[in-house]
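Where a number appears in this text, it was derived from the coordinates with a stated rule and is not lab data. Given the structure is predicted, the values throughout are model-derived calculations rather than measurements. Cβ sites come from the backbone with ideal geometry, for glycine too, and all protein chains shown count toward neighbours.
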Amino acid sequence: MNAKWLIAKYIPDMRRREPQNIGIILLKDEKPYLRFKGRDKADGKIDGNKTKFQKSVENYRAWVSYWEYAASKEGLDGLLRRPRPDDNFILEFGGERIIGSGSTEPEAFADELYGQLVEADTIESGLAMEARVETAIDRIFRRLDISEKVEKDLILPETADTDRLFFDFRYKNGKNTWMKRVRIEHGSEKRAMEPLYSAAWVFERARGVDTNCHLVALVDYSGESSVIRPEEYLQKHGGTVINVADESGAADGLRELLGLSGMLAIS
Amino acid sequence: MMLGLPVPPGAIVELDDGTKAYGCMRFGAKGDAIAPAIASVFVADNPTLAAKIVMFDCWIANEDRHEGNLADVNHTTPMIYDHDQSLFGANGGRRLDRLDDLRDSAILNGCLAQHVTNAEPFSAFANRIRVLCHPLYGMVRSICEEVRMAGIITADEEGKIVEFLEYREPKLIEMVRKLPNLGGQGVLL
């Protein structure tokens, strides 16, 4: 029996046209098997905390619901019919495999496809993530027109001879704003929280020696690790979290924190 | 918009090559394309609006109402758009012929029509359309005149559209009686 599958893709920016795989729809014996980012395969519910790659969780839910409905009602042809030119949620034909009776179960095959086509795409390498975050931060600084004024790779001077506190950036505007990149790891809550514990430790000690400074965690949490809440945790330890995955929001947040004027260059 | 239907605001615009077009505001979910609606769910969630859309499509000879030009996402206003296949349709040289061909047709082939089961909204909505067509107000005529003056349609086409819409207006109730799932309500119209 043939099983065919489609790959669901999301294009975050229609000008850049760089789609990312967000799910698969496997059709076997006219029955659809869906696997999507943030979707519980048992009850089909979508957890908004795991779908931060897109802009509106309600709309994402509506897309997945529509695809599920169209797959059940009209099959492959219905799903691939009539794409709209401005759609940034799209489906592409993925492939076809002949599955004999008694061999691979469709549920397991859907899991396998999802693992190969979506999850592998989602969990980016550490180096790739570092490079992406670095580029994002650079763009945010340029957007605020402060690239030339931000100092890089510093040690809080008062701690040079003791427990040295490292920061990635400092911006001075009447008082110091110390910024630290905090990389949130994928996987378990324990793995995700460890960098936050470390940042909190640094912030608490920094606050002890530079009492009038701003402490900022530059965090990228566009991924799937949002079982944690970096804002809540680091705020308790005197830090402000800026999510660099949302460059526009990050620029607005930093602009306010750094006391910059609204009339700034936009790169 | 005059009928109170949720269409995105738009205007007549001139394209780079000098041609004129009707451009409407692009809308979406914070920049993402809005999901197509599921017709049966759309009607269940918005029964009155769905009935109005069905009658509106019938009036303007829109045979192209599908899930991709309906938007119905939780917590947002439902929207309808893409009416470029109505009136003259996409017939090119047979633009005027289409209006003759469909003059007396009950156009109820859109994706919502089969799910509409409540006839109650039709009378009030037909009255609204009647007001637009009424010579005293002349709204259909003035809109068509505006479009002709913008260079989008010719005087012949303007006359044909006005005649088509005014001709169909009093027949709309009779036409929607043919909806498949109104049951006994059809006779109440």
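Condition test on B:V73, is it among the aliphatic types (A, V, I, L, M), touching a helix residue (DSSP H, G or I) at 6+ places or on another chain (Cβ under 6 Å) and within 13 Å of chain A (Cβ to nearest Cβ)? Working first, answer last.
Details: among the aliphatic types (A, V, I, L, M): yes; touching a helix residue (DSSP H, G or I) at 6+ places or on another chain (Cβ under 6 Å): yes; within 13 Å of chain A (Cβ to nearest Cβ): yes.
Considered against the rule, which asks whether it is among the aliphatic types (A, V, I, L, M), touching a helix residue (DSSP H, G or I) at 6+ places or on another chain (Cβ under 6 Å) and within 13 Å of chain A (Cβ to nearest Cβ), B:V73 comes out as yes.
Using the structure shown, decide if B:C58 is of a type outside the set (A, V, I, L, M), touching a residue at least 24 places away in the same chain (Cβ under 8 Å) and either in contact with a helix residue (DSSP H, G or I) (Cβ under 7 Å, 6 or more places away or on another chain) or away from chain A (no Cβ under 14 Å) (or both). Talk me through it step by step, then tell me what you get.
Working: of a type outside the set (A, V, I, L, M): yes; touching a residue at least 24 places away in the same chain (Cβ under 8 Å): yes; either in contact with a helix residue (DSSP H, G or I) (Cβ under 7 Å, 6 or more places away or on another chain) or away from chain A (no Cβ under 14 Å) (or both): yes.
Yes.
Out of all the residues in the range A:44-59, which are facing another protein chain (nearest Cβ under 8 Å) and surrounded by 19 or more Cβ atoms within 10 Å (Cβ to Cβ)?
To start, the set of residues in the range A:44-59 that are facing another protein chain (nearest Cβ under 8 Å) comprises A:54-56, A:58-59.
Hits for the range A:44-59 are A:Q54, A:S56, A:N59.
How many of the residues in the range B:1-22 are surrounded by 11 or more Cβ atoms within 10 Å (Cβ to Cβ), under 16 Å from the mean Cα position of the chain (by Cα) and among the small types (G, A, S)? Write out each step before concluding.
Step one: of the range B:1-22, the residues surrounded by 11 or more Cβ atoms within 10 Å (Cβ to Cβ) are B:2-3, B:5-8, B:10, B:12-14, B:20-22.
Filter once more, so that each one left must be under 16 Å from the mean Cα position of the chain (by Cα): B:2-3, B:5-8, B:10, B:22.
Filter once more, keeping what is among the small types (G, A, S): B:10.
Matching residues across the range B:1-22 total 1.
Quick one: would you say B:A35 is surrounded by 24 or more Cβ atoms within 10 Å (Cβ to Cβ), within 14 Å of chain A (Cβ to nearest Cβ) and over 15 Å from the mean Cα position of the chain (by Cα)? Reasoning before the result, please.
On the way: surrounded by 24 or more Cβ atoms within 10 Å (Cβ to Cβ): yes; within 14 Å of chain A (Cβ to nearest Cβ): yes; over 15 Å from the mean Cα position of the chain (by Cα): yes.
Spelling it out, B:A35 is indeed surrounded by 24 or more Cβ atoms within 10 Å (Cβ to Cβ), within 14 Å of chain A (Cβ to nearest Cβ) and over 15 Å from the mean Cα position of the chain (by Cα).
Quick one: B:R95 ticks every box in (1) away from chain A (no Cβ under 12 Å); (2) touching a residue at least 60 places away in the same chain (Cβ under 8 Å); (3) in contact with a Leu (Cβ under 8 Å, 6 or more places away or on another chain) except a single one, so which number is it?
Every listed condition holds for B:R95 apart from (3).
Could you list all residues from the range B:1-20 that are over 20 Å from B:P78 (Cα atoms) and without any contact (Cβ under 8 Å) to a residue 60 or more places away in the chain? It would help to see each step written out before you state the result.
From the range B:1-20, those over 20 Å from B:P78 (Cα atoms) are B:11-20; that's our starting set.
Scanning the range B:1-20 gives B:A11, B:V13, B:E14, B:L15, B:D16, B:D17, B:G18, B:T19.
Within the range A:18-58, track down each residue that is assigned to a helix (DSSP H, G or I) and within 24 Å of A:R132 (Cβ to Cβ). Don't jump to the end; show me each part of the working.
Initially, the range A:18-58 is screened for residues assigned to a helix (DSSP H, G or I), giving A:48-50, A:57-58.
If the condition is that a residue be assigned to a helix (DSSP H, G or I) and within 24 Å of A:R132 (Cβ to Cβ), then A:G48, A:N49, A:K50, A:V57 are the ones that fit.
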